[in-house]
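K.L.:
Below is one structure. I have some questions about it.
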Amino acid sequence: MKDFVAKVKGFFLNSSVWLYAGFILFCAYYQMQVSRELGWGSMVGNFFLLTLIFISVLIFISLEDAKKQKWTPRFFWIFWIFSFIILPCILILTIQSINVLITGFDAFLPKNIIQYFLINAGLVIVYWLLKWTGNDTSFILITNRLKNLSFFKLTIILVSMGSLMLPLISNKFQEMSSTDPMGTTMIKYISFVPQIFLIYFSYYLFYYINHHFLFKHVFQQKGIIAYLLGCIGLVLFLTPLLNSFFLLLPVMRDLSIHPLGTGINLFNDIAYFFPILVMLLSFPIIILIEWNKKTRAIQELKNEKTQAELNLLKQQINPHFFFNTLNNLYALSLDKSDLAPEAILKLSKLMRYVIYKGSQNGVTLSEEVAYLKDYLDLQNLRIHTLVTINFQTQIENEDQLIAPLLLINLVENAFKHGIEPSDSGGFITIILKEENSKLSFVCENSFDFEGQSYDINGIGLTNLKRRLELRYPDRHVLQLNINETFKAVLDICL
């Protein structure tokens, strides 16, 4: 059951076809309402026919989501125009011309070509809006700013927009504009806007007192009964005071933009409509705001914990690497090898990378590959047995970022458990590929099974597994296989 739910969730997250199907379903529903032929037959018939007409759009989206092959710009535009414009036009014109032969479905056809073009234009707009909202940096910036917008500022914006629009839709103001000179009308409009803003923004007081006093203190300290009594008292006390102030404003006499403008008493039941509405609507808003604050606080704590654990794991990498490399130098110094100076130089280069790059959140693939090559060169200097090292790379984007020192653990383990214990040499094959921000790293080495066991829970591999869980959650697969050789396969969505 969990696998089924995960597959369904993955489909909706990784596919966009259902979004376009939803738009087509909306168009089918609209056509059913316009035709006044309500029922399952009409709804299903409309949806079936529109799906048939725009099947090329759905196929295009499916192939684009799959990303099985990289399209050239020229092929993309040819395929897109054919799928979104040419083939739908051919289908609609063909169906319109032979509607006599498809008895039963002619009622579901758009009544004229204009309706088809509107639906087609809607699909085009949906496509580019999804592209824009998903990739456009300016839209992402606007979205982030809206998310960080406080409720107070949002209220000011909405009330300001309403204050600008309300006089224009008022019947009394339209009568004034038809009889008064243009200059007089503009002066009145300019004077009305701030008064209307003052009237409706005053209701923010109900939300503010409700949120920051009644909810945060009375509700949480005294309970629900005290909170409800406080809300009733707030409405009954504050409403007459505000209404008395509103009646002093000229806009109340000149325009009917408020129930009090109709001449009712300020203690009339209708005069309490807006305060009660604000109190009712403010409660779910308060719940949402408080829940969002707590969610952010919990997420920040999780991020801090994750970052602290990552930093600790990075600190564990350095001594682990130092032990291995110092052992290498020790072996060379015992032999009084002429290779010792070169080994020290390479070691200093590796240490520089570990110290300066290892503390960063990300390095380029080219830097990580260069580090691996330097490590392999250093191992070649100290290993006396015959070892065949094959290092292959196939990288589409060398500037693609990756967590530093992520791949070295697998290479170190290949030497530690596969090459060093063997007296007859061996081999190490390393294959690194990157395409479409997906990395595949394979490290396979010979392994002497006689009298030797491979600990897959050692400090290096344990460290690697935990870093992958923290840095690439649900975006990596690590497979460790021991057969005639030891093979590690790591796939990451960067």
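The values are calculated or read from the model by the stated rules, or taken from the named source; none is laboratory data. Since the model is a prediction, treat every value here as computed from it, not as a measurement. No Cβ is skipped: glycine too gets one built from the backbone with ideal geometry, and neighbour counts run over all protein chains shown.
K.L.:
Quick check on segment 202-221: of everything there that is surrounded by fewer than 17 Cβ atoms within 10 Å (Cβ to Cβ) and hydrophobic (A, V, I, L, M, F, W, C), which residue is nearest to Asp254 (Cα to Cα)?
P.N.:
Of everything passing the filter in segment 202-221, Leu205 is nearest to Asp254 (Cα to Cα).
K.L.:
Still on this structure, I have one more. Go through (1) surrounded by fewer than 19 Cβ atoms within 10 Å (Cβ to Cβ); (2) not in a strand (DSSP E or B) one by one and return the number of the condition Thr429 breaks.
P.N.:
For Thr429, the exception is condition (2).
K.L.:
Something else now. Residues Ile224, Ile257, Ile187, Ile276: which one is surrounded by fewer than 19 Cβ atoms within 10 Å (Cβ to Cβ) and under 23 Å from Thr155 (Cβ atoms)?
P.N.:
Ile276
K.L.:
From the list Trp40, Trp18, Trp77, which residue is closer than 30 Å to Arg475 by Cβ and out of contact with any Asp or Glu (no Cβ under 8 Å at 6 or more places or on another chain)?
P.N.:
Trp18
K.L.:
What residue, among those in segment 457-494 that are over 28 Å from Glu396 (Cβ atoms) and of a type in the set (D, E, K, R), is surrounded by the fewest Cβ atoms within 10 Å (Cβ to Cβ)?
P.N.:
Only one residue tops the list, namely Glu484.
K.L.:
Would you please name the residue that is nearest to the chain's Cα centre (by Cα), looking only at residues in segment 286-307 that are surrounded by fewer than 11 Cβ atoms within 10 Å (Cβ to Cβ), over 19 Å from Arg471 (Cα atoms) and of a type outside the set (Val, Ile, Thr)?
P.N.:
Arg296
K.L.:
Hey, among Leu464, Leu490, Leu470, which residue is farther than 19 Å from Ile431 by Cβ, modelled with pLDDT of 80 or more and either of a type in the set (A, V, I, L, M) or not assigned by TED's automatic domain parsing to the domain that holds Pro404 (or both)?
P.N.:
On inspection, the qualifying residue turns out to be Leu470.
K.L.:
Quick one: which residue in Ile55, Ile95, Ile86 is at pLDDT 80 or above and surrounded by 14 or more Cβ atoms within 10 Å (Cβ to Cβ)?
P.N.:
Ile55
K.L.:
Continuing with the same structure: Can you tell me which condition Leu277 does not meet? The list is (1) in contact with a helix residue (DSSP H, G or I) (Cβ under 9 Å, 6 or more places away or on another chain); (2) under 30 Å from Phe173 (Cα atoms); (3) part of a helix (DSSP H, G or I); (4) modelled with pLDDT of 80 or more, and all the others hold.
P.N.:
(1)
K.L.:
A follow-up question, please. Can you name the number of the only condition in (1) crowded, with 20+ Cβ neighbours inside 10 Å; (2) β-branched (Val, Ile, Thr); (3) assigned to a helix (DSSP H, G or I) that Ile344 fails?
P.N.:
Of everything listed in (1) crowded, with 20+ Cβ neighbours inside 10 Å; (2) β-branched (Val, Ile, Thr); (3) assigned to a helix (DSSP H, G or I), Ile344 misses just condition (1).
K.L.:
Could you check segment 157-186 and list, in sequence order, the residues that are among the β-branched types (Val, Ile, Thr) and within 22 Å of Ser202 (Cβ to Cβ)?
P.N.:
Result: Ile157, Val159, Ile169.
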